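The values are calculated or read from the model by the stated rules, or taken from the named source; none is laboratory data. Bear in mind that the values here come from a model prediction, so they are computed numbers and not experimental data. Quick note on the areas: whole protein, heavy atoms, side chains included, nothing else; ligands and nucleic acids left out. Shrake-Rupley method; radii C 1.70, N 1.55, O 1.52, S 1.80 Å.
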Amino acid sequence: STQSTWEKNPWAAMIRFAIFLLLCSLLLCSAVTTHIQLHHKQTLSRDDAAKIVEHIRATQAGVAARPGVIEDDLINFKDTQFYGKVKLGNPPQDFMVIFDTGSADMWFYSALCLQPGCHQHSQYNHDHSTTYRPDGRALMIKYGSGNINGFVSQDIVAVGGVQLMQNFIEVTDVNGKAITKAKPDGIVGLAFPNLSIENIAPLFDNAMSKGLVHEPVFSFHLTNDVGQHGSIMLGGTDERFYEGPIHWIPLTSESYWEIRMHDISVNGVKLNLCPPDGCKVAVDTGTSLITGPSAGLNQLLNSFNLDATCDELTRFPNVTFHINNEQFTLAPDQYTISYDTSNGEHCVMGFMPLDVPPPRGPIWVLGDVFMRAYYSVFDRGQNRVGFAKSRGTPLPIAHSGQLMMG
């Protein structure tokens, strides 16, 4: 059955986690907030705050290869998730995170979480950081059949060698295996601020307000090769990672990165899946697959063999997404995910039905399967998303002192 296949796949936990993130951002998450007094450390004095600023400036001197640009490598994990490295506090503590355009909050597992699931991850210990500042807001995030408990903290966050003071959530209690069994130690949300559960400025908004980025733009290059690093760039784009023009699509929503799609075609034959005003589409780096309403997605997949060996991919058709008078085509090797089994390499479709009720749905989601083929640019200045054809083998990256991954 489909369920048993998912349970046996080595990347199933990551897929479930990605779907959790998607549902949380689209539908299920809500927060209950209280204010508590934290006694771990006293609030910093003005002199201490000045020392933090001085520390940030000193450690950032000479780090960035391009002024106003923050770049970090992304590790391709089994073609299901892409992780970057961030550092918290002073001295720095390392975390592997998902940079997620489908959410706006930043959270990490806290050392105060004593559950076995938390111990499988790196845990932030604010008592070990000289730059930690307590906030006093505790919260519970409800989702589906479980919840996350935690509180808001403030500390230095370093991405790609650039540091800034940032509010984020320390997770102290988790009810839900989809989260704890997944690989990341945290999430860095890159959606619009109005999606933030506790009105915390997302990392990119914070960087913009502090003048750390040259342009109000960030971009992703995701790779098809599990052994090859991708890249996230805050503050611009990188021509090494794409070819041809960037095709821009205006946003229809300034919360989720949402655009309109006019149709999908299979080997050039349109399926007429969308109403006259188009289908809602979200562009989401936190979702591994391409998802869509079950009726439309089943129509798309009816001509496919859903369970085939990798050497049969040549029988599969090209799939084209018609967006803003442009055509974005995926070849069979781009919309499938391969994994090793005892019987050899196996391939599955990178599509999944997901029904989201109104008003957020019905909605399609272009996740990592799509973005591995198309360099993706998110423009906050002009409220648009851009796609360009990714380079198969990008030019070498000159990091010039930036933090390296892996």
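How big is the Rg/Rh ratio for region 259-362, C-alpha atoms only, Rh by Kirkwood, two decimals?
Across region 259-362, the Cα-based Rg/Rh ratio is 0.98.
Can you pull the percent of region 106-222's accessible area that's carbon plus sulfur, 1.4 Å probe, other chains left in place?
Percent of accessible area from carbon and sulfur atoms in region 106-222: 48.
Can you give the accessible area per residue of region 70-199, in Å², using a 1.4 Å probe?
That works out to 30 Å² per residue.
Given Cα pairs under 8 Å that are at least 6 residues apart, what percent is the relative contact order of region 183-251?
21 percent
Rounded to the nearest 5, what % of DSSP beta bridges with both residues in region 83-199 are antiparallel?
Bridges in region 83-199 are about 80 percent antiparallel.
Taking a 32 Å limit on the Cα-Cα distance, which of the listed pairs LYS183/LYS270; LYS85/LYS389; LYS85/LYS270 fall beyond it?
Pairs exceeding the cut-off: LYS183/LYS270; LYS85/LYS270.
For region 149-283, list log₁₀ I(q)/I(0) at each q in 0.11, 0.20 Å⁻¹, using the Debye formula over Cα point scatterers of equal strength and ignoring solvent, two decimals each.
-0.60, -1.39
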